[in-house]
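A quick write-up on the structure given underneath.
Values in this text are rule-based calculations from the coordinates and carry no lab data. As the structure is a computational prediction, the values presented were derived from the model and not from experiment. With ideal geometry, Cβ positions are generated from the backbone for all residues, glycine too; neighbour counts draw on all protein chains shown.
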Amino acid sequence: MEGHNPDILTCLANLSADEVFTPPKLASAMLDILPQDLFRRPDTTFLDPVCKSGVFPREIARRLNEGLKDQMPDDQARINHILTKQVFGLAITELTASLSRRSVYCSKKADGKFSIVTSFTKSDGNVRLPTTQHRWNKNGRCQACGANRAEYERDDSREAYAYPFIHGIDPAEVFKVKFDVIIGNPPYQLSDGGFGKSASPIYHHFVMQAKKLEPRYLVMITPSRWFGGGKGLDSFRKEMLNDDRISHLFDFPKLYDGFPGVKIRGGVSYFLWNRDHRGMCSVQTMWDSKPLGPEMTRPLNAYDVFVRRNEAISILEKVRSFRIQGQPEMTLDKRVSSRKPFGLPTNYHGSPSSKSLRQAIKFYGSQRITWIERSDIQVNIEWIDQWKVLLTRLQGTSSAVETQFVSNPLVIEPGQACSETYLVAGRFSNQRDALNFATYLRTRFVRFLVSLRKVTQDATRDVYSFVPDVPVDREWTDEELYQRYGLNEEEISLIESVVRPLHASDREGRDEAGEDE
């Protein structure tokens, strides 16, 4: 379009799904939650400890340049002051260091002739990349980030991905500055050398390190997996939920929202940590980058996980307060099995025929139905001869919005077992109870309560911790469940807007009890 002058930082391709460039619009929204008088003070100091494109230092400098005009009317003196005394960054690689300097100083060399700053005497200016190395322990892992030595030990000619901020570099020492504001978008994960494309999260290390520096304000955007799951994140989740200095939380549950084109399962979120705040947190859900539903001020630690939707709190409280003879109902996490219900991994496959086996039992694995010897099962042997209801452990979608949350239950009869592809959701002495239980699991009510804890494709036993374990002497309907827990029309409407119907006929090809070879 004629006259259109795009922001170059909106056009950059991401380095990877783990090191994601922050769109300028999102960076600006994150800066909006800070007290704006910070940008009218000549002594406020800002640090981006994970510079990639330089968008945060650039947007900070832009706001300071506007806010200090009356106090510093000379343009060059004002720019020199802002970029030498107030705005600082640690890069994560040589490439991002160059990108950031180009964004902030309009030159890859801060002291170059094209730099907008005339008072720098060093080429890196205030965007630095201190030399750091991984610190390997005896198990071949980095003590700081958990990187696998076999993958990340490099010679000096290659990037080590030993990010300075979490590998012993103190930015206060590097720049001789105490920082008022720390803001950034840290790397999300590193390959851990596990099976397939296994990776471990590292973003929580950056958050915790930033807190240790005790700035007045901390703003970071991270994946939202810490809300309810994710390996290695349990202690981080507990720490975050119990930190009453988090005053604001903005949550983007929709895939690709926040970072268009980047698939971050479970979405992303950013928070404002205020050193002087003590109290509840203002929570806002975002959808298509706009507020969805009302903002609510609530304690983050009301539950053992973070419940994303403010409108869901009233539903959850009604369910949790329900009593039978004065006692709370048990929840399904007590009934659902852990991983490997029969001790057999996903890649365990049986025989296509039962004819050559002595005591054949039907086996549900990651591929088609096969047959195995009864003696192959060493764990939970007594379950083999019970009716069972199975749910797949991984349940999700590649679309932007998940609407199912739980796989279609599979009822299998006595004499059958499964690999860790499935969880045994329930065990019963008769077919009727098993079928009634499967019907209950298909209700929107159940799957909505699961959605409150499920932030990734992994549907472990824990995601059923909000679901009541109701009697299985009937085929429950959503209408009966809504009435049982006293839900109003607004609450019912929320459930039915989030969760699509799921019927027994919506089978995925093999979930039929008693299917024969």
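Results, tabulated for the structure shown:
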| read-out | value |
| --- | --- |
| Rg over Rh, two decimals, region 328-428 (C-alpha only, Kirkwood Rh) | 1.01 |
| Ranking of Thr22, Thr297 by count of other Cβ atoms within 10 Å, fewest first | Thr297, Thr22 |
| ³J(HN,Hα), Karplus 6.51/-1.76/1.60, whole Hz, each residue of region 243-258, x for Gly, Pro | 8, 7, 8, 7, 9, 9, 9, 10, 10, 10, x, 7, 4, 6, 6, x |
| Shape of region 71-185, Cα gyration tensor, a/c cut at 1.5 | prolate |
| Calculated [θ] (222 nm, deg cm²/dmol) that DSSP helices of n ≥ 4 give over the chain, each run adding -39,500 (n - 2.57) | -6500 deg cm²/dmol |
| Principal axis dimensions, region 273-326 - Cα atoms, whole angstrom, descending | 44, 31, 16 |
| Percent of Cα pairs exceeding the 29 Å cut-off, where the set is the chain | 59 |
| Percent of Cα pairs exceeding the 16 Å cut-off, where the set is region 211-253 | 43 |
| Fraction of alpha-carbon pairs over 25 Å apart in region 324-498 - percent | 37 |
| Exposure proxy order (Cβ contacts within 10 Å, fewest to most) of Tyr270, Tyr256 | Tyr256, Tyr270 |
| In sequence order, calculated HN-Hα J values of region 86-91 (Karplus, 6.51, -1.76, 1.60; Hz; x Gly/Pro) | 10, 10, 9, x, 10, 7 |
| Inverse mean reciprocal Cα-Cα distance (Kirkwood Rh) of region 448-506, Å | 13.2 |
| Overall Cα dimensions of region 406-470, principal axis frame, Å, largest first | 34, 25, 16 |
| Region 29-76 versus region 271-301: alpha-carbon centroid distance in Å | 23 |
| Computed Kirkwood radius, in angstrom, where 1/r is averaged over Cα pairs of region 189-307 | 15.0 |
